[in-house]
Amino acid sequence: MKAQKYVHLQEEQVLWAIIDEEDLAGDDRKHLRECPDCRRKVERFRDELHEFGQKARQSVPPFSGTVRLPGEKPAPVSHDAGWLSFFGATAMVGLVVFFSVMGMESMAPGNLLTLQNQESLLEDEFLMREISDMVESPLSDDMYEISGENGIGFDDDFLQFVVPDIQDDFQS
Amino acid sequence: MKTEDNKNMSQKIAALVEKARGGSRVSFQELVSIFQEDIYRLAYYRTFSQMDAEDLTQEVFEQAYRKMNSLHDPLRFRAWLYSIAVNRCNDFLRKRKYLALLRIRTAEEQDFMNTVNDMSNSYNDRIEKKRFWKQVKSILHKLSAMEREVFTLRFMDHRNINEIAAILDKNESTIKTHLYRALNKVRGHSELFKEYRESVS
């Protein structure tokens, strides 16, 4: 009730109260302490500003990076990387043991190489045979018959007609 | 109790700063873990871009690490770090203005698309956040550069007047004057400060 004697704070004073109540003039400060209406105005704006700050904080997307100091190497991609190499090495050793125990020498890397060489040699040999066959008789018998290259059905007169002697040309 | 906690924290920070100045990377790394979220948020409030804010956070700590010996009072580490961050952000924003003039697409625009496509939040949440940042931009747009800086440091970065004065290297009464002008412009925002508007109308 005592506060009713004073004039309520102006909006300007409310704003100064939000910034720093100590900056208000003596009477205004006293009024603010005693007047619930003015107190409420100040508190309300202060709360809204606080809420605004909180909302801003919550609305920022999370920081997804890592701050690295100068000269620092990037962190390993995953802590499981060590386990991966360990399992890889174990698997390799396991394979070597498997080959030696099962006695599959032919599957050993050295033998595999020889086998591959032998296969390619055989393949080459087969190809060479095919080529020499084709040089000797480029066409099959049936094809010769069709083409007439085996000479059947053509007499000397026909051949003379198709390919005349050189001497005949000179005479004519 | 809270004051006691703050005091302990300040002492812890000062001890870490001392060690870091002596060349301890571990201590500096601890300082990074204490402040990285704050610096990242500070950068985000000024760039509105996650990518840019993360890059700036990295740059701020790199610069702080290199210039650690120029800090004379370990108790002023926070203000010193914030001033590096504020200056870095201002440099970046100046550069971005030039890029905007050249019509080069900035990370802020790209982040807008990322926000829309961000599946980590619900659709309503994303819309709500987008609307909020739009309102923030609209009120900050009304303020002068200094008013914006002071307002952001006070109500978004939650720094007190004394700290803001140290960060911006100005006296407290100057900071208060800018803050008053900023509040005077901001109070009219009908959506963000609805209750206050109703109480004074």
(request) Identify all residues within the range A:12-36 that are surrounded by 13 or more Cβ atoms within 10 Å (Cβ to Cβ) and at the interface with chain B (Cβ under 9 Å from one of its Cβ atoms); write none if there are none. (result) A:V14, A:L15, A:W16, A:I18, A:I19, A:D20, A:D23
(request) Go through (1) at pLDDT 90 or above; (2) surrounded by 15 or more Cβ atoms within 10 Å (Cβ to Cβ) and name the single condition B:D111 misses. (result) (1)
(message) Here is a check on your reading of the model: is A:F45 within 7 Å of another protein chain (Cβ to nearest Cβ), touching a helix residue (DSSP H, G or I) at 6+ places or on another chain (Cβ under 8 Å) and either in contact (Cβ under 8 Å) with a residue 60 or more places away in the chain or farther than 30 Å from B:D52 by Cβ (or both)?
(response) yes
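The rows are residues; the columns are (1) in a loop (DSSP other than H, G, I, E, B); (2) on the phi > 0 side of the Ramachandran plot; (3) more than 9 Å from chain A (Cβ to nearest Cβ); (4) not polar (S, T, N, Q).
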| position | (1), (2), (3), (4) |
| --- | --- |
| B:H158 | yes, yes, no, yes |
| B:N162 | no, no, yes, no |
| B:A165 | no, no, yes, yes |
| B:Y180 | no, no, no, yes |
(request) Please indicate, with yes or no, whether at least one residue in the range B:143-158 is of a type in the set (A, V, I, L, M, F, W, C) and more than 18 Å from B:A85 (Cα to Cα). (result) yes
(request) For the range B:130-141, indicate whether the set of residues that are farther than 30 Å from A:Q13 by Cα and at pLDDT 70 or above is non-empty. (result) yes
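The values are calculated or read from the model by the stated rules, or taken from the named source; none is laboratory data. None of these values were measured; they are calculated from a predicted model. Please note: Cβ atoms are built from the backbone with ideal geometry, for glycine as well, and neighbour counts cover all protein chains shown.
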